[in-house]
């Protein structure tokens, strides 16, 4: 038997797993890197006895973990994504909102830390 394009097409579940792996790499890797970076900053801020910064960095880290959990949940349970157009739009709006919450936390605390360090006499 000669293999043609139609005979070597991957089964749908294999394609879904490949897509999930790709999305995980593209979306989770930066989150894992952010968590690692925040861990380093927390260690340095602790050594320097910057207690307020440690608390803010810990909140940023928690929001990063929440973001990773949300992204993993969406990737791992694609069956929760609706098929109907109206339901898809509602799902997209809820997902955008849910993703923005931890992102805004991270951005907000980062901006506060920058301002605090600019005003700090310990430059």
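Every read-out reported here was derived from the displayed coordinates using simple, explicitly stated rules and does not represent laboratory data. All of these numbers come straight from a predicted model, not from anything done at the bench.
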Check your understanding: Hey, how much of the P(r) for the stretch 15-117 falls beyond 17 Å, as a percent of Cα pairs?
Key -> 59
**Study point:** Full-stretch length increase - residue 48, residue 115 - with 0.36 nm per residue and alpha-carbon distance subtracted
**Key:** 22.3 nm
